[in-house]
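**Student:** The structure that follows is given in the form of structure tokens.
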There are 2 protein chains.
Amino acid sequence: MSGTNSEKELIAEGPAIILVEPQLGENIGMVARAMANFGLAELRLVSPRDGWPSEKARSAASKADHVIDGAKVFDTLEDALRDLTFVYATTARERYGFKPVRSPVTAATTLRERFASGQKTGIMFGRERWGLTNEEVALADEIVTFPVNPAFASLNIAQAVLLMSYEWMKSGMEDLGRTPFQSLDQRPSTKEQVFGLFEHIEEALDARGYFHPPEKKPKMVDNLRAVLSRRSFTEQEINVFRGVIRSLDRFARQRPLPATNRQQAEGANTEAQASDSDE
Amino acid sequence: MSGTNSEKELIAEGPAIILVEPQLGENIGMVARAMANFGLAELRLVSPRDGWPSEKARSAASKADHVIDGAKVFDTLEDALRDLTFVYATTARERYGFKPVRSPVTAATTLRERFASGQKTGIMFGRERWGLTNEEVALADEIVTFPVNPAFASLNIAQAVLLMSYEWMKSGMEDLGRTPFQSLDQRPSTKEQVFGLFEHIEEALDARGYFHPPEKKPKMVDNLRAVLSRRSFTEQEINVFRGVIRSLDRFARQRPLPATNRQQAEGANTEAQASDSDE
């Protein structure tokens, strides 16, 4: 369908679209086109299989050159997320975990509110074949999934980006009596600060043999990160947490454990570890 | 994105999708796939350029065989519309005329209402290059157009079908925030569990001289409790936290602190304590 008017203003704002290990240049191009259709412009590629730049991508983008030219390539997903404050992971598979699961409408509304308050946000999309790993999903704040036909649920990556981009566009057009996003007194934490908290606490726990048995460590780390990231701690809150961890980690008790805590510590050592939160 | 569950019921109902003189088999296949994703099944083709059936279409449909197998071919658009009661024409170009122009949401709601009352309806899509003629649009009851970036408005045919199919699926949902799966059902924590967390962490910190100087302790406790309670941790999350505190509190490190953490611990001991979150 045609209808482009090149004299009109090009909308280019909103959340970053992050493609994790995309395989085909054609798909990257179709993603760029879908983004441009609905006013998104910031494309981030994590280790694109066939390298970058890609002539196939440019061709499939159907003149969405501003998106293709502005695309940034990252070696790791963490690098692609560092400067963002709030990130969605898209998935069609059920994920059993702590993370809230949102519809595209709800997710777009949330992204729009955060955009209005000046935050940088993103939406992660997985590989063509098998989507995002659990570890990758764990780096996001919330999950977004699509209301699809249960017996035919497989959306391709460009379609998934199209739907989220479309809902993004709609979220800015609806004339709802919605209250604007409340401006926080505190600064939202960047992903880099969140990753710093993860590494700090995991190192301190690992040094004590907390992640036991070793084969359960990945799941325990997943659950712990889910707990620590579900509610988007502010920068200030992360500083407090790290001060707490440092104190517990580095300094010896100056008096013995009280009797009640001693009992709890002995009785409940297993059941309270992160792996068991996965009921 | 994967996630198809072949044991689940295949939804196949709703308005017919009518493609007017589609050119590429690949596009017809992607249309079929998009329809299947969102529960539509009836595909009508008006004079497909490369004939029918099409192996390229079947391949691009990614197993939406029920849509491909059920597709019907018509010589004229009039023939394709005869048994329908209400038809939308999709277009990205402005059309000056008497016909009402609707958004996809409004159009899907209208189609859903007519479906519920037993009517057969349809949505027309034009050729890849130049859409529908004015004469073809004139055969429809109303026009539907997409909220696109004015400077980059060109949607391909499969994307346009995808968006209408998606809105069709949503129009059948009572709660637009609903998702096919949800995060784990967690019990909200009682205040007693929250107080238990407070006492546990405060005792462990107090035993290390964290609350210093003593006259600042009440304010520091206040701030720490604010951080720990602001977002209503669940019972499971409190269990995870208490396991973390117990590990840090009771067990000695089994290997030395890494250099980076050591520096941070020495440099930032004061500024990261809870009293400083009160800026």
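**Student:** May I ask you to say which residue of A:ALA64, A:ALA80, A:ALA60 is over 30 Å from B:MET173 (Cα atoms), surrounded by 17 or more Cβ atoms within 10 Å (Cβ to Cβ) and in contact with an Asp or Glu (Cβ under 7 Å, 6 or more places away or on another chain)?
**Tutor:** When all the criteria are applied, what remains is A:ALA60.
**Student:** So, restricting to strands (runs of 3 or more DSSP E) that lie completely within segment B:1-97, which ones have at least 3 residues that are at pLDDT 95 or above?
**Tutor:** Once the strands (runs of 3 or more DSSP E) in segment B:1-97 are filtered for at least 3 residues that are at pLDDT 95 or above, what remains is B:16-20, B:43-46, B:72-74.
**Student:** Could you say which residue among B:GLY196, B:GLY177, B:GLY209 is surrounded by fewer than 17 Cβ atoms within 10 Å (Cβ to Cβ) and under 23 Å from the mean Cα position of the chain (by Cα)?
**Tutor:** On inspection, the qualifying residue turns out to be B:GLY177.
**Student:** Would you mind stating whether A:ALA116 is more than 13 Å from chain B (Cβ to nearest Cβ) and surrounded by fewer than 18 Cβ atoms within 10 Å (Cβ to Cβ)? Steps first, answer last, please.
**Tutor:** Working: more than 13 Å from chain B (Cβ to nearest Cβ): yes; surrounded by fewer than 18 Cβ atoms within 10 Å (Cβ to Cβ): yes.
The answer is yes for A:ALA116.
**Student:** One residue is enough: does segment A:192-214 have a residue meeting the conditions at pLDDT below 85 and part of a helix (DSSP H, G or I)?
**Tutor:** no
**Student:** Exactly one condition in (1) farther than 25 Å from B:ARG44 by Cβ; (2) modelled with pLDDT under 85 is false for B:SER154; which is it?
**Tutor:** Going through (1) farther than 25 Å from B:ARG44 by Cβ; (2) modelled with pLDDT under 85 one by one, B:SER154 breaks only (1).
**Student:** Those residues that are outside any helix (DSSP H, G or I) and either more than 7 Å from chain A (Cβ to nearest Cβ) or modelled with pLDDT of 80 or more (or both), I need them from segment B:157-185; list them, please.
**Tutor:** Answer for segment B:157-185, where residues must be outside any helix (DSSP H, G or I) and either more than 7 Å from chain A (Cβ to nearest Cβ) or modelled with pLDDT of 80 or more (or both): B:GLY172, B:MET173, B:GLU174, B:ASP175, B:ASP185.
**Student:** Take A:ALA92 and decide whether it is within 11 Å of chain B (Cβ to nearest Cβ) and over 21 Å from the mean Cα position of the chain (by Cα).
**Tutor:** Working: within 11 Å of chain B (Cβ to nearest Cβ): yes; over 21 Å from the mean Cα position of the chain (by Cα): no.
Taking the combined requirement at face value, the residue does not satisfy it.
**Student:** Find the residue count for segment B:14-26, including only residues that are touching a helix residue (DSSP H, G or I) at 6+ places or on another chain (Cβ under 7 Å) and surrounded by fewer than 21 Cβ atoms within 10 Å (Cβ to Cβ).
**Tutor:** Of the residues in segment B:14-26, 1 are touching a helix residue (DSSP H, G or I) at 6+ places or on another chain (Cβ under 7 Å) and surrounded by fewer than 21 Cβ atoms within 10 Å (Cβ to Cβ).
For (1) out of contact with any His (no Cβ under 6 Å at 6 or more places or on another chain); (2) over 22 Å from B:GLU78 (Cα atoms); (3) assigned to a loop (DSSP other than H, G, I, E, B), each residue gets a yes or a no:
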site	(1), (2), (3)
B:THR109	yes, yes, no
B:LEU139	yes, no, yes
B:PHE146	yes, yes, yes
B:ASN149	yes, yes, yes
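The values are calculated or read from the model by the stated rules, or taken from the named source; none is laboratory data. None of the values given here were measured: they were computed from a predicted structure. No Cβ is skipped: glycine too gets one built from the backbone with ideal geometry, and neighbour counts run over all protein chains shown.
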